[in-house]
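Have a look at the structure below before the remarks.
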């Protein structure tokens, strides 16, 4: 019943979105037809992020980061003028990314001759839909936030057929600047070990991201000698998780999923049912929509028990470029402690601009820009020095562990974990 | 077409089994899970604490479904309409209650007396709001269609359901919203044989029981009872007997809406998370509860709600949450097969 309803809504939304996309293409034509391959004076960078629902505060900060990067370069990459278009891959009723909306966004970018880079998606499950569409359209894609292993490799945590099924042309068109979940899983296992967890219980939200990361956490925990009591899926529509929680005997519990899949209720029930357990979460809940009671997140009394991992560090842990970013961000938007992914939004745009600039006269040629993205080597960035490997993965491995204090994410420590093979 | 031949020459033992199943099959079906898990508990833990914990959680969760289910069954009993908007009226109840927390200045820091008075005021205003909303829905969406084919009001009901869902969506957004845990619902009040009874449990049961009792007594003691039954049996004849059919139906919707509002507040206090989609889920479960208990039958709706609550919690705890909806609806199918009129029997025009 629920599935059907979702499908129905999806169908309606995609129909609407197609209509919108059709309208949108008129605007694109008005800019004058420069076809892919020719030298261009103007190109477009799209971003596709869930701008509604629980992740809204997080994605708003990301869009601000993206805009800041473009603004600092005067709206240009070398001699090429860069336009930025922000798309929304969520619907109000889902409260998070929605399949129909994601594909509409990917098609819109693929059909726009001037589109040379697509920044997105925020959620791995959403990228599983947009990667193949953009791959067929040859649009270079940079995700500022995806961590699911299977999007780029077949390492542990990936499903059967991954990652090949996402690249119908056989050529890689997708890169990401966040370390993948083999590393996040290891980081979470490491911090749980440090905190003295002897046994853990994993709960996942069944999505590409949540279920995949849960497997990574399980593997890493076992390797580090922590007993894994279970790895159970949760139902997003359940009224509460009281009886689910009451079967858990582990001293630590980690939820692998996103805020929008009822994480607030889950953590409240975990805190009430297991008052002595230590609670953990991944970057899927590392946002103020989860941590801040004022944003309808968890109460402060529950927040104190939780540690979350996210691949962002404290401003003090970064090199001069990173520190400068936080100073600039505060100057521009007046926010001293932006949601963790703001810096990734910024760097995604920076990498896009650099690649467009490197393509020189071929800035309007998607293939050339793609080549430049994959050529990225020892790039000095706000995140530190990194390269993009042949799978499209970053060579960065730093994860930050955050505590939640008074509704804010507070940096606790940096974890450098080796992924479990 | 000829009627299928009925096999009258059943052998004696088979017939005995058949009549035994007919009488007790339903009870057997319902007891399968608790008994199996109870034996399992006894073997591993040596006591029934875990099962008791499941049942307490099940009864308190089920009490909320029961309040919503009564609204479904009241409406179905009188005009034979599945009021799809009912679950969403319940959701609006939760939202109104949450909004009123702010209006009355209720926070986790409010003292016990202030909280008791404040929550009682919230309860009254919420019940008034959802009761009026339900009456309005009937007046606008169903009354003009009284002579129309049955499909017509069914479609307006679906329409109202979507309309209210989108009101909820605009109101609090698409994600689950945490609301202040005013009564510290997870706090254990006392422990019986190792089973923890929380404030939430006490609230859900202590608020539901009198509400259902009051509603049924009100229907029985007032002249509404006769009027409702007459209207349900034959609206035309009832009208000829001088019964104001429209008023009777309006009152029924008012009563259903009032109970949904109370359920909305209890839900907000008990779960401490509200969501625009909660009405859809709750509506589905409550409707199932009403059918399970015997549609049109008030006691049946309450019983159905409590049973589904228990099945859900046992399944969450023992089987796995991804199987819970499967198990709930498998139970519904089994009950329908064994007793098509539901546990306590239908009370509708068709059933007589």
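We did not get these values from a lab; they are worked out from the coordinates using the rules stated. Please read all numbers here as calculations on a predicted model, not as lab measurements. A quick note on method: Cβ atoms are made from the backbone with ideal geometry, for glycine too, and the neighbour counts reach across all protein chains shown.
Annotations for the structure displayed:
- Filtered by the rule that a residue be buried (at least 19 other Cβ atoms within 10 Å of the Cβ) and either within 10 Å of chain A (Cβ to nearest Cβ) or closer than 19 Å to residue B:89 by Cα (or both), the range B:173-197 gives B:173, B:174, B:175, B:176, B:177, B:178, B:179, B:181, B:185, B:186, B:196.
- Strands (runs of 3 or more DSSP E) lying entirely in the range A:323-410 (those with 1 or more residues that are over 30 Å from residue A:113 (Cβ atoms) and touching a strand residue (DSSP E or B) at 6+ places or on another chain (Cβ under 6 Å)): A:384-386, A:398-405
- Residue B:218 being surrounded by 13 or more Cβ atoms within 10 Å (Cβ to Cβ), within 11 Å of chain A (Cβ to nearest Cβ) and out of contact with any strand residue (DSSP E or B) (no Cβ under 8 Å at 6 or more places or on another chain): no
- Some residue of the range B:175-183 being free of Cβ contacts under 8 Å to residues at least 40 places away in the same chain, touching a strand residue (DSSP E or B) at 6+ places or on another chain (Cβ under 7 Å) and closer than 30 Å to residue B:50 by Cα: no
- Every listed requirement among (1) in contact (Cβ under 8 Å) with a residue 40 or more places away in the chain; (2) at the interface with another protein chain (Cβ under 10 Å from one of its Cβ atoms); (3) not in a loop (DSSP other than H, G, I, E, B) is met by residue B:211 save one, (2).
- Failed criterion for residue A:196 (all others in (1) away from every other protein chain (no Cβ under 14 Å); (2) surrounded by fewer than 22 Cβ atoms within 10 Å (Cβ to Cβ); (3) in contact with a strand residue (DSSP E or B) (Cβ under 6 Å, 6 or more places away or on another chain) hold): (3)
- Boolean, residue A:100 is more than 14 Å from every other protein chain (Cβ to nearest Cβ), surrounded by fewer than 24 Cβ atoms within 10 Å (Cβ to Cβ) and in contact (Cβ under 8 Å) with a residue 60 or more places away in the chain: yes
- Residue in the range B:243-264 that is within 14 Å of chain A (Cβ to nearest Cβ), touching a residue at least 12 places away in the same chain (Cβ under 8 Å), assigned to a loop (DSSP other than H, G, I, E, B) and under 19 Å from residue B:87 (Cα atoms) present: no
- The numbered conditions (1) in contact with a helix residue (DSSP H, G or I) (Cβ under 8 Å, 6 or more places away or on another chain); (2) part of a helix (DSSP H, G or I); (3) surrounded by fewer than 19 Cβ atoms within 10 Å (Cβ to Cβ) are all true for residue B:322 except (1).
- Qualifying positions in the range A:39-68 - part of a helix (DSSP H, G or I) and over 24 Å from residue A:369 (Cα atoms): A:56, A:57, A:58, A:59, A:60, A:61
- Counting the residues of the range A:308-317 that are surrounded by fewer than 23 Cβ atoms within 10 Å (Cβ to Cβ) and in contact with a strand residue (DSSP E or B) (Cβ under 7 Å, 6 or more places away or on another chain) gives 3.
- Test: residue in the range B:267-288 that is more than 14 Å from chain A (Cβ to nearest Cβ) and touching a helix residue (DSSP H, G or I) at 6+ places or on another chain (Cβ under 6 Å): no
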